[in-house]
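To start, the structure under review is shown below, and the notes come after it.
The values are calculated or read from the model by the stated rules, or taken from the named source; none is laboratory data. These numbers come from a predicted model, not from an experiment. Using ideal geometry, Cβ is built from the backbone for each residue, glycine included, and neighbour counts are taken over all protein chains shown. To get the accessible areas, we keep the full protein, side chains included, count just its heavy atoms, and leave off ligands, DNA and RNA. Shrake-Rupley method; radii C 1.70, N 1.55, O 1.52, S 1.80 Å.
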Amino acid sequence: MEKLLKQKGFTRILFDTIPQLALLLDPKCQVHALNRSAKAFFGYKGGEFKEASCGEVIRCVHHRDHPQGCGFSSVCPKCIVRNTALDAIVGTETRRAKGKLEFLTGQEMAILVSSSPFEYNQQGYAVIVIEDISLITELEGLIPICASCKKIRDDKGYWNRVESYIEAHSEAEFTHDICPECSEELYANMQAKIRKREKTSSV
């Protein structure tokens with residue numbers, strides 16, 4: 001694997017230009033490579049992470065829960081990074097899963113993990129791509145909404161129009177239209193006058 005990683009061909013360039021965090025894991029979930037984005041995010045300059053456990057390298061808060069480290073704590077069996085990597089290596093096909101990463105810093109990140117298997121020197125490996133989807137999942141959970149006017153209460157206690165709240169907490173933008181039922185209700189008198197005029201003019 002070391003020989004492959006030292007090559008500076010198209011594959012290495014492609015690995016480094018992935019804009020998300022990318023890791024190369026073996027079946028023991030040890031890290032053999034990080035792409036440029038992952039090195040910058042986790043603060044690595046060289047190869048000091050090589051063959052360390054995935055949890056240690058990404059600074060998962062749970063890698064210190066057990067004396068034996070990453071893979072042995074009570075939450076490790078549910079780890080989506082570990083599980084997607086192992087599923088991809090064993091099943092030899094791409095796996096994807098959504099979940100959360102908790103870092104030693106206390107920061108939490110909603111993530112989408114994609115894991116693709118490959119073989120080198122008759123050994124299975126997985127390339128893991130971790131995408132931060134915090135903005136997409138920000139609206140998950142219980143949202144307090146007024147039963148009458150449908151305004152939403154934010155975490156500071158202010159009531160906001162639905163459009164304002166969603167635009168502030170997501171990348172969605174609104175455009176306005178009128179559904180047939182509301183059109184009928186709002187413009188019933190106008191439509192009745194138009195119909196009456198049409199009848200009169202046809203006589």
Could you give the distance between the Cα centres of region 78-111 and region 37-63, to the whole Å?
-> 15
Which of the pairs LYS98/LYS151; LYS100/LYS156; LYS39/LYS98 have their Cα atoms more than 27 Å apart in this structure?
-> LYS98/LYS151
Reference-scaled alpha-carbon Rg (2.2 N^0.38 Å with N residues) for region 143-203 = 1.83
Rg and Dmax of the chain over Cα atoms: what are they, in angstrom?
-> 26.5, 93
Residues in region 42-84, backbone N under 18 Å from the label point at ASP16 (7 Å along the Cα-to-beta-carbon vector): list them, ranges by number please.
-> 42-50
Which listed residue (TYR158, CYS70, PRO180) has the Cα farthest towards the positive end of the charge dipole for the chain, taking +1 on Lys and Arg C-beta and -1 on Asp and Glu C-beta about the Cα centre?
-> PRO180
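May I ask you to compute the full-extension gain from LEU142 to GLN191, defined as 0.36 nm times their residue separation minus their alpha-carbon distance, rounded to one decimal in nm?
Values: separation 49, 0.36 × 49 = 17.64 nm, distance 4.09 nm.
13.6 nm is the gain from fully extending LEU142 to GLN191.
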How about LYS50: which aspartates and glutamates have a C-alpha closer than 15 Å to its C-alpha, ignoring those fewer than 8 places off in the same chain?
-> GLU2, ASP26
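In Å², and per residue, what accessible area does the chain have when probed at 1.4 Å with the other protein chains present? Show your work: numbers first, answer last.
Numbers: 13920 Å² over 203 residues.
Dividing the accessible area of the chain by its residue count gives 69 Å².
Tell me, which longest segment in the chain has none of the GluC sites (Glu not before Pro) that fall in DSSP loops with at most 15 further Cβ atoms within 10 Å? Intermediate values should be presented prior to the final figure.
Numbers: sites that count: GLU48, GLU51, GLU93, GLU138, GLU140, GLU171, GLU173.
The longest such stretch corresponds to 1-47.
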Give, in whole angstrom and from largest to smallest, the semi-axes √(5λ) of the equivalent ellipsoid of region 1-111, with λ running over the eigenvalues of the Cα gyration tensor.
-> 23, 16, 14
Among VAL162, VAL57, VAL113: highest mean-square fluctuation, GNM of the chain, C-alpha pairs under 10 Å = VAL162
Length gained if ALA97 through ASN121 is fully extended, taking 0.36 nm per residue and subtracting the Cα-Cα distance, is 5.9 nm
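For the chain, what does the relative contact order come out to in percent, with C-alpha contacts under 8 Å and a separation of six or more?
Relative contact order here is 14 percent.
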Which of LYS100, LYS156, LYS45 moves the most in a Gaussian network model of the chain with Cα springs under 10 Å?
-> LYS156
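Can you give the extra length, in nm with one decimal, that the chain gains between VAL75 and ILE133 once fully stretched, where that is 0.36 nm per residue apart less the Cα-Cα distance? If you can, show how the numbers build up before the last one.
Values: separation 58, 0.36 × 58 = 20.88 nm, distance 2.15 nm.
Here the answer is 18.7 nm.
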Within the chain, longest stretch free of exposed chymotrypsin sites (Phe, Trp or Tyr not before Pro) [DSSP loop, at most 11 other beta carbons within 10 Å] | 1-157
Of VAL129, VAL90, VAL81, which has the largest mean-square fluctuation in a 10 Å C-alpha GNM of the chain?
-> VAL90
Cross-link partners among aspartates and glutamates for LYS193, C-alpha distance below 16 Å, same-chain residues fewer than 8 apart left out?
-> GLU184, GLU185
